[in-house]
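The values are calculated or read from the model by the stated rules, or taken from the named source; none is laboratory data. On a predicted model such as this, the values are computed, not experimentally measured, just so you know. All Cβ positions, glycine included, derive from the backbone under ideal geometry; neighbour counts span all protein chains shown. To get the accessible areas, we keep the full protein, side chains included, count just its heavy atoms, and leave off ligands, DNA and RNA. Shrake-Rupley method; radii C 1.70, N 1.55, O 1.52, S 1.80 Å.
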Amino acid sequence: MLSSTRSRIIAAAAALLLIGAGTWWAVGASQSSDEAIKIPEKVCDERVSGKAIPNLLPKKGDEFKEETYQFDMRRNYGHCKLQAGGEDVGSSYIYRSGGKYPRKSIQSQGIPISLGEAYGYISKRNGAISLYIPCGTNSEKDTGARLIISVGASMVEQATELQQLNESTKEIRPLATFAAQAARDMSRGWFKCPGSESLPDGPVVIHWHG
């Protein structure tokens with residue numbers, strides 16, 4: 001089982017997805033609510049591809065804004081919040097240099113997911129995705145360094161509040177795509193996790209039936 005301390009850290013990271021901790025800045029010139037929202041090609045201090053973001057935010061409305069905390073310099077924890085059209089998307093990372101991460105225990109916290117050797121879960125409460133990426137040289141499974149990527153979106157949370165999260169919840173698909181992209185970009189480009197190049201293309205795989 002995860003230690004209570006580690007569980008609290010991860011829970012805090014997920015909570016911070018929707019909490020501001022810096023100064024908002026706008027991308028591009030001011031726009032009216034009738035103009036299409038422009039999303040940058042890269043987000044979170046240009047560390048993550050923004051290709052999946054348009055499917056997680058409205059097409060029109062208030063202009064795109066980004067807020068980051070500790071994405072300008074590599075730390076053990078940081079988060080990023082994107083907002084447009086009255087909705088938002090959050091992404092956070094935690095780097096842990098060692099420990100035990102039993103796959104079965106972690107995936108039992110929600111709906112199981114995987115991306116190659118990485119694994120995690122979708123929260124049944126708000127649809128947030130947490131993915132544990134091996135980031136060390138330890139050959140033993142379930143132990144060693146981990147880069148934990150967590151993503152959430154207000155549109156997914158709202159859909160989860162209206163109905164039980166299941167295969168028909170279309171809002172979870174773009175979030176699964178963004179989670180996988182963030183995992184690849186962060187583990188390869190910034191943290192240079194050994195074996196990260198083997199993370200497959202495409203969204204995280206959702207194991208709806210366990």
Where Lys and Arg each count +1 and Asp and Glu each count -1, what net charge lies around Ser108 among other residues with Cβ under 14 Å from its Cβ?
+2
Cut-off 13 Å between beta-carbons: net charge of the residues surrounding Leu131, Lys and Arg +1, Asp and Glu -1
+1
I'd like the accessible area for Thr160, computed on protein heavy atoms only with a 1.4 Å probe and all protein chains in place. Round to 10 Å², please.
10
Which whole-Hz ³J(HN,Hα) couplings does segment 94-104 yield from phi under the Karplus relation 6.51 cos²θ - 1.76 cosθ + 1.60, θ = phi - 60°, glycine and proline marked x?
10, 10, 10, 6, x, x, 10, 9, x, 4, 4
Are there chymotrypsin sites (Phe, Trp or Tyr not before Pro) in segment 158-210 that DSSP puts in a loop and that have at most 12 other Cβ atoms within 10 Å, and which ones?
Trp208
Using only the heavy atoms of the protein chains and a 1.4 Å probe, how would Met73, Met186 rank by accessible area, largest first?
Met73, Met186
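With a 1.4 Å probe and all protein chains kept in place, how do Glu67, Glu117 rank by accessible area, largest first? Numbers along the way, then the final one.
Numbers: Glu67 5, Glu117 115 Å².
Largest to smallest exposure gives the sequence Glu117, Glu67.
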Distance between the C-alpha centers of segment 177-209 and segment 40-65? Whole Å please.
18
Can you send over the solvent-accessible area of Arg184, 1.4 Å probe, protein chains only, in Å² to the nearest 10?
20
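Counting only pairs 8 or more residues apart or on different chains, how many lysine pairs in segment 50-194 have their Cα atoms under 14 Å apart?
Going through segment 50-194 pair by pair, I get 4.
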The ³J(HN,Hα) series, computed from each phi in segment 75-91 with the Karplus coefficients 6.51, -1.76 and 1.60 at θ = phi - 60°, rounded to the nearest Hz and given as x for glycine or proline, is 10, 7, 8, x, 8, 9, 10, 10, 9, 6, x, x, 10, 9, 10, x, 9
